[in-house]
Amino acid sequence: MPQVRTRMAPSPTGEYHIGGMRTLLYNYAFARKNNGKFILRIEDTDRERHVEGAAERLVRVIKDYGLNWDEGPEVGGPFEPYIQSQRLDIYKKHALDLINKGHAYYCFCTEERLEKMREEQRKTGLPTTKYDRQCLNLEKDDVEKRLNNGEPHVIRLKVPENEEIIVKDLILGEIKFNSQDIDDQVLLKSDGFPTYHLAVVVDDRLMEISHVLRGLEWLPSTPKHILLYKYFGWELPVYGHLPLLKEVGENKKLSKRMGSVSAQGFLEDGYLPEALLNFLMFLGWNPGTEKEIYSIEEFIQDFSLEKVQISDMASFDRMKLKWYNSYYIRNLSEDDFYNRLTEWSEKYNYDFKVNDYIRKYTKEYFLKVLKLIHERLQVFSDIKELTSYFFKDPVVNKDMLLEKSKDREAAKDILNSYINLYSEIIESDWNKENLDKRSHEVLLLKGFKTKEAFMTLRIALTGMEATPPLFDVLGLMKKEIVLKRLEDALSLVS
Ligand code: GLU
């Protein structure tokens with residue numbers, strides 16, 4: 001087998017999609033597994049959809065996920081440049097080459113004419129519109145004259161009539177297309193920029209790409225690419241189209257209503273790159289075993305295209321992603337947990353900066369809080385909600401408090417009893433074990449029901465029904481804070 005060379009070729013038209021990261025990961029792993037090269041190429045030839053700064057952001061986010069490339073922006077390589085807008089001459093030369101070979105032609109139709117043509121075609125009920133080839137048979141002299149006059153024009157592919165085009169897909173098998181359904185694709189636009197189709201084929205060839213692994217949305221473009229390879233007289237790369245991502249239970253692509261969809265968005269939410277990658281590995285691939293936790297090295301070892309699932313869509317299970325993230329957070333050492341959280345909060349979260357909290361409290365206190373919630377934190381962005389009561393008084397819901405303690409009298413009795421108890425406990429005895437023991441004694445003495453009493457305390461102290469074990473929380477809080485919050489709750493129900 002010749003050297004494996006895969007590529008990811010994103011267009012900087014917005015934030016990098018999480019699905020792009022999955023596809024990139026598979027290309028990366030396939031190249032690594034086969035001692036090949038992984039290339040990153042920026043496909044920025046669509047000037048209308050170009051978003052300022054998007055190319056820089058996508059380069060950064062790939063690195064933030066811990067991935068890299070052997071050739072491409074920043075690192076260079078033997079086929080520089082890897083940014084398509086810097087390769088315009090190359091595409092032009094190839095478009096002219098096709099004209100000379102009779103497989104492409106100049107088209108001078110104006111946008112107005114084309115729009116009118118499409119409108120008429122739509123009226124006749126055609127499912128799609130197609131260029132009517134008005135410029136296909138222009139006289140050579142006429143073309144020459146119009147070019148010399150500087151008349152705006154494009155170059156179109158001359159798609160053959162009624163020809164079967166077979167895409168041999170490594171994952172999906174053989175897929176047949178008929179050239180009848182293919183438009184005379186514009187290859188070079190009037191602004192001198194190539195379209196995606198011309199540029200992708202030329203670059204994949206010149207950069208010696210052996211395997212084109214990309215999302216299924218590109219499958220309809222593949223027959224056009226196959227024609228181009230044929231007309232250039234080039235050998236085809238191997239194609240593999242990967243399932244698209246969809247929300248669970250829906251047959252639609254990912255939706256912003258359900259949460260983040262960009263690779264960057266998930267980092268901002270507080271997902272760890274290693275958890276994200278592990279999750280992405282399974283969106284279209286499966287080792288066929290029970291093993292779910294994969295490091296990138298293990299993935300490279302086990303990855304093969306034979307195990308890529310043959311289907312249109314792969315379920316993007318956001319709950320499963322949370323599960324992965326909790327797993328990776330839980331498995332961080334205490335130091336790493338602190339460092340990673342700090343790094344994340346400084347980089348992405350404007351609402352919760354570890355350093356601000358440490359300035360107001362002590363690092364020691366902060367670390368103890370972290371230790372308590374370490375197991376419970378699913379994503380870093382939950383940190384504020386999960387720990388706020390350690391740093392400021394909670395808003396206590398009166399109805400919730402009354403409901404948990406049974407009624408107003410019971411609530412008052414519970415709160416009063418524990419205010420009495422806790423005010424008697426001296427600072428040096430203020431620890432989890434002692435608080436636990438003494439609190440249970442009061443429970444017995446007063447005949448309170450465990451659940452009612454401790455839930456009342458929990459809500460009064462934290463405002464929440466679910467927290468780490470009550471006496472862990474109590475032991476960490478200062479005595480005066482505990483007393484103040486219990487008094488506040490008492491006035492609330494009185
Ligand atoms: N520039 C295309 C994109 O934005 C590349 C598609 C392909 O991989 O051929 O995804």
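With neighbour counts taken as other beta-carbon atoms within 10 Å, the residues Tyr106, Tyr28 rank, fewest first, as Tyr106, Tyr28. Once the other residues with Cβ under 9 Å from the Cβ of Phe232 are scored (Lys, Arg +1; Asp, Glu -1), what is the net sum? Neighbour charge sum, excluding Phe232 itself: +2.
For Pro12, the shell of other residues with beta-carbons less than 13 Å away shows a net charge of -2, using +1 for Lys and Arg and -1 for Asp and Glu. For segment 403-456, a Kirkwood hydrodynamic radius built from all Cα pairs, placed in the Stokes-Einstein relation at 20 °C and 1.002 mPa s, yields a translational diffusion coefficient of 187 µm²/s.
Against the chain, whose longest principal axis is taken from its Cα atoms, helix 318-330 shows a tilt of about 60°. In this Cβ point-charge picture (+1 for Lys and Arg, -1 for Asp and Glu), the chain has a dipole of about 560 debye about its Cα centre. Footprinting exposure proxy ranking of Arg32, Arg156, Arg146, Arg49, fewest other C-beta atoms within 10 angstrom first, gives Arg49, Arg146, Arg32, Arg156.
For the chain, averaging the sequence separation of C-alpha pairs within contact (under 8 Å, six or more residues apart) and dividing by the residue count gives a relative contact order of 13 percent. When the P(r) is computed for segment 420-494, the part past 15 Å accounts for 54% of the Cα-Cα pairs. Semi-axes of the equivalent ellipsoid of segment 132-208 are 30, 18, 9 Å, computed as sqrt(5λ) over the eigenvalues of the C-alpha gyration tensor in descending order. The Stokes-Einstein estimate for segment 19-133, based on a Kirkwood radius over Cα pairs and taken at 37 °C with 0.692 mPa s viscosity, is a diffusion coefficient of 183 µm²/s.
How much net charge surrounds Pro81 when only the other residues with a Cβ under 12 Å from the Cβ of Pro81 are counted, with Lys and Arg +1 and Asp and Glu -1? Combined, the nearby Lys, Arg, Asp and Glu give -4.
Annotation: amide H of Val238 within the under-5 Å range of His211, Val212, sequence separation 5 or more or interchain, hydrogens built in the peptide plane.
Helix 196-206 and the longest principal axis of the Cα set of the chain meet at an angle near 80°. Calculated on C-alpha atoms, the gyration radius of segment 328-468 divided by its Kirkwood radius gives an Rg/Rh of 1.03. Charge dipole (Cα centre; +1 on Lys/Arg Cβ, -1 on Asp/Glu Cβ; no other charges) of segment 1-147 amounts to roughly 580 debye. Between the amide H of Ser260 and any residue lying 5 or more places away or on another chain, no distance stays under 5 Å, with hydrogens modeled in the peptide plane. Fully extending the segment from Lys101 to Ser388 would add 96.3 nm, taking 0.36 nm per residue of separation and subtracting the current Cα-Cα distance.
Rounded to the nearest 10 degrees, the inclination of helix 334-347 to the longest alpha-carbon principal axis of the chain is 60 degrees.
Roughly what % of DSSP beta bridges within segment 204-328 run antiparallel, to the nearest 5? Within segment 204-328, antiparallel bridges account for around 20 percent of the total.
Rounded to whole Å, the principal axis extents of the Cα atoms in the chain read 106, 51, 40, largest first. Approximating the spin labels as points 7 Å out from Cα along Cα→Cβ, the Leu138-to-Glu403 distance works out to 7.4 nm. Distance between the 7 Å Cα→Cβ label points at Asn434 and Glu364: 1.7 nm.
Among the GluC sites (Glu not before Pro) in segment 298-401, those located in a DSSP loop and surrounded by at most 12 other Cβ atoms within 10 Å of their own Cβ are Glu375. Close amide-amide hydrogen proximity is noted between Leu245 and Ala314, each under 5 Å apart and 5 or more residues distant or on a separate chain (H modeled in the peptide plane; Pro and chain starts excluded).
Both radii come from the Cα set of segment 107-177: Rg as radius of gyration, Rh as Kirkwood radius; their ratio Rg/Rh reads 1.11. Taking the fewest neighbouring Cβ atoms within 10 Å as the starting point, the ordered list for His225, His197, His50 is His50, His197, His225.
Values quoted throughout were computed directly from the atomic coordinates according to the rules given, and no laboratory measurement underlies them. What you see is a predicted model; the values in this text were computed from it and never measured. Counting neighbours? That spans all protein chains shown, and the Cβs are built from the backbone with ideal geometry, glycine included.
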